[in-house]
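Here, each number is a calculation from the coordinates, and none is a lab measurement. Everything numeric here is computed off the predicted structure, so don't read it as measured data. As a convention, Cβ positions derive from the backbone with ideal geometry for all residues, glycine included, and neighbour counts pool all protein chains shown.
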Amino acid sequence: MSADVRSIAAVVNWRADLANYGDLLAEAMAGVDLEIRRAHDWVEEQLALWRRAVRGCEEDVVRAKAELAQRKFPTWDGREPDCTVQEKALRLAKAKLEHAEEQVETCRRWLGRLPKLVDELFTGASRRLRGMLEADLPNALAELARRVAALESYAGLRADYAPLTTRGDNPTPQPPPRDGEGESEKGTTGSASVRDGEKENAPPPRPGEGAGGWGLPAPSESP
């Protein structure tokens, strides 16, 4: 099986990205496990909280019943007193107790359902993913490293192969000058320098000569 590899650097970068993906995925899996553990602990805390609330509500019901019983005794003239306040307090205490008992049952039910839901929706898929992270991914990274080494070794045997470098690190080499080309350039540069020196050392033109002092025809004088 052959592969058309155009850039070894691209394969190296892909291997680095794959390793980084494995690290990020492992961190995400650890985070999900932690959140599941926190959810289970929170339900257990709520169960303990509502159990304490049930005990407190039971005490309130007992107290409200006692107050209602004391209020029902007839007065000295034989009339029965008004027990509306005590009856209302007893109904409220019983409602609170019923609500607390319902919350206890809800917490118990979720403590039994939560592990089953986690097993059905998460445990199986996470086990396969962990297997890939612990076995398949390291094997793939090792195989990519071997392939990159083989590609670099093969490319090093080719005469037209050069490692990838930046422009500033490895400037493009210039071809050597041809025979006689350097000397002609030096001669041309020297002649130009001599002419510049003659121009600088030449005396200024006399009055009336104008541009003629430099080999150019002087302007004609008017009659």
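Tell me, please, whether a residue that is loosely packed, with under 13 Cβ neighbours inside 10 Å, on the phi > 0 side of the Ramachandran plot and either outside any helix (DSSP H, G or I) or touching a helix residue (DSSP H, G or I) at 6+ places or on another chain (Cβ under 6 Å) (or both) can be found in the range 62-80.
Scanning the range 62-80, I find at least one residue that is loosely packed, with under 13 Cβ neighbours inside 10 Å, on the phi > 0 side of the Ramachandran plot and either outside any helix (DSSP H, G or I) or touching a helix residue (DSSP H, G or I) at 6+ places or on another chain (Cβ under 6 Å) (or both), so the answer is yes.
Against the condition part of a loop (DSSP other than H, G, I, E, B), within 54 Å of the chain's Cα centre (by Cα), free of Cβ contacts under 8 Å to residues at least 40 places away in the same chain and more than 30 Å from Leu129 (Cα to Cα), how does Arg6 come out, does it pass? Before the answer, list the steps.
Details: part of a loop (DSSP other than H, G, I, E, B): yes; within 54 Å of the chain's Cα centre (by Cα): yes; free of Cβ contacts under 8 Å to residues at least 40 places away in the same chain: yes; more than 30 Å from Leu129 (Cα to Cα): yes.
In short, yes.
Give just the number: which of (1) under 30 Å from Leu25 (Cα atoms); (2) loosely packed, with under 12 Cβ neighbours inside 10 Å does Glu44 not satisfy?
(2)
Scan the range 116-154 residue by residue and report those that are free of Cβ contacts under 8 Å to residues at least 40 places away in the same chain, under 24 Å from Leu34 (Cα atoms) and not charged (D, E, K, R).
Leu117, Leu121, Thr123, Gly124, Ala125, Gly131, Met132, Ala135
Look at the range 101-113 and say how many of its residues are surrounded by fewer than 16 Cβ atoms within 10 Å (Cβ to Cβ) and not polar (S, T, N, Q).
The qualifying residues number 7.
Quick grid of which residues meet (1) touching a strand residue (DSSP E or B) at 6+ places or on another chain (Cβ under 9 Å); (2) outside any helix (DSSP H, G or I); (3) under 21 Å from Ala140 (Cβ atoms); (4) of a type in the set (A, V, I, L, M):
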site	(1), (2), (3), (4)
Asn13	no, no, yes, no
Ala16	no, no, yes, yes
Gly22	no, no, yes, no
Ala28	no, no, yes, yes
Asp33	no, no, no, no
Ile36	no, no, no, yes
His40	no, no, no, no
Glu45	no, no, no, no
Trp50	no, no, no, no
